[in-house]
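A.B. asks: After the C-alpha cells below, expect a handful of questions from me.
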Amino acid sequence: MIVGQELLGKLKDFGLNSYESKLWVALLSRGVSTAGELSDISNVPRSRTYDVLESLEKKGFIVVKIGKPIKYLAVPPAEVVERVKKRVMFDAEQKNRSLSKLKNSEVLTELDSLHNVGVRLVDPTDKSASFRGREKVYDHLNMLLKGAKKSVHLMTTGDGLQRKEASLLTQLKKAKSRGVSINIAVPTGTNKKLIKRFSEIANVKETKVADSRYCVVDGKSLTMMMTDESTHPSYDSAVWVEAPYFAKHFQSMVEQHW
C-alpha cells in the first residue's frame, strides 16, 4: 500500500498515532480485512497489529465483524469525524469540570503555598525567560496582566494591536476595572476604529515609532518581542525579565509620547 506521508501526518488531527493511521488507511482501502492482511499491506508489525486494531475499535474508527477468522470493517470517514468531535467535546468538558473543582480545592492551596515559598527563594537575577511561539508569549502576557497592580505600558504595531484585541483585551479590561493605568503607544496610521475600542480602557497615543513591540507591567516586568512581526507565529519569539531599572527605561519610552 502506497500512501503519502503527508496524508498520514494529517491523520494526527484525528488523534491517531503512526501505526493507527497506517492500519486505518489500509482498512479504508479494503473495506473489510483480517488483521494479517492489514499487517501485510500497511507494514505494521504483526506483533502490534491486534493491539492497534483494538485501539481503533475503541476509538470508533473500525468495527469487528462476527465470525472466524476475525475481520474488521472500516467506519466511513465522515462518521469518524463526527465521533471524534463528540469525543473531543466530551473530554474537554470533563477536564473543564475537573479543573473547576481544583480551583477551590486544598490541592491548589497547597501548591500555591509551595510556589510562594519557592518564589521568595528565587534570586531576582533568575527572573527571566525566553518564549518561542506567539501563543506562548500571549499566555505569558495574560498571566502578567492578571497580576498587574499599578500600570501597564504597551508599545506595539498596528497589526500587533489587532492581535492584542483578540488575545489580551479581556485581561486588559479586567486590569482597568482594578484601577490599573493602561498606556498604549501605536504607530501613526493605525486603524482608527481599533484605537477607539482600546481608548475605552486605555490611554492610546499614536507615534512615529512603528517597529517596537514590548510590554511593561508595574514598572518592573518587561516582555520584549525579539523578531520582526512578519515572522511566522510559531517562530515569533520574546524575552521576559523582571528588572525594575531596565523595565522603567522602556516604560519611559512609552510615556515620552505623552
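A.B. asks: If you go through the range 208-229, how many residues are in contact with a helix residue (DSSP H, G or I) (Cβ under 9 Å, 6 or more places away or on another chain) and either more than 17 Å from ASN142 (Cβ to Cβ) or of a type in the set (Gly, Ala, Ser) (or both)?
C.D. replies: Number satisfying all stated conditions: 7.
A.B. asks: With (1) in the same structural domain as GLY15 (by TED's automatic domain parsing); (2) at pLDDT below 85 as the list, and ARG48 as the residue in question, which single condition is left unmet?
C.D. replies: (2)
A.B. asks: Now a separate question. Out of the residues in the range 233-247 that are over 16 Å from LEU144 (Cα atoms) and not in a loop (DSSP other than H, G, I, E, B), state the one that is farthest from the chain's Cα centre (by Cα).
C.D. replies: Only one residue tops the list, namely TYR245.
A.B. asks: Can you name every residue in the range 45-68 that is part of a loop (DSSP other than H, G, I, E, B) and of a type in the set (D, E, K, R)?
C.D. replies: Passing the criteria: only LYS68.
A.B. asks: Any idea which of VAL241, VAL217 is in contact (Cβ under 8 Å) with a residue 60 or more places away in the chain, within 21 Å of SER128 (Cβ to Cβ), out of contact with any Gly (no Cβ under 9 Å at 6 or more places or on another chain) and not hydroxyl-bearing (Ser, Thr, Tyr)?
C.D. replies: Within the list VAL241, VAL217, the selection yields VAL241.
A.B. asks: Could you tell me which residue of the range 52-61 is farthest from the chain's Cα centre (by Cα), considering only residues that are buried (at least 16 other Cβ atoms within 10 Å of the Cβ) and at pLDDT 85 or above?
C.D. replies: The selected residue is LEU53.
A.B. asks: Which of the residues that make up the range 130-156 are touching a Pro at 6+ places or on another chain (Cβ under 8 Å) and surrounded by fewer than 20 Cβ atoms within 10 Å (Cβ to Cβ)?
C.D. replies: Listed by number, the residues that qualify are GLY133, GLU135.
A.B. asks: Do we find that LEU194 is farther than 17 Å from PHE250 by Cβ and touching a helix residue (DSSP H, G or I) at 6+ places or on another chain (Cβ under 7 Å) in this structure?
C.D. replies: In short, yes.
A.B. asks: Additional query: Looking only at the range 35-51, how many residues end up being within 11 Å of TYR72 (Cβ to Cβ) and within 37 Å of the chain's Cα centre (by Cα)?
C.D. replies: Within the range 35-51, residues that are within 11 Å of TYR72 (Cβ to Cβ) and within 37 Å of the chain's Cα centre (by Cα) number 3.
A.B. asks: Does the range 15-36 contain any residue that is closer than 20 Å to GLY67 by Cβ, surrounded by fewer than 12 Cβ atoms within 10 Å (Cβ to Cβ) and at pLDDT below 90?
C.D. replies: yes
A.B. asks: Does any residue of the range 2-9 turn out to be among the polar types (S, T, N, Q) and at pLDDT below 85?
C.D. replies: yes
The values are calculated or read from the model by the stated rules, or taken from the named source; none is laboratory data. This is a predicted model, so every value here is computed, not measured. Cβ coordinates were reconstructed from backbone atoms using ideal geometry, including for glycine residues, and neighbour counts include every protein chain displayed.
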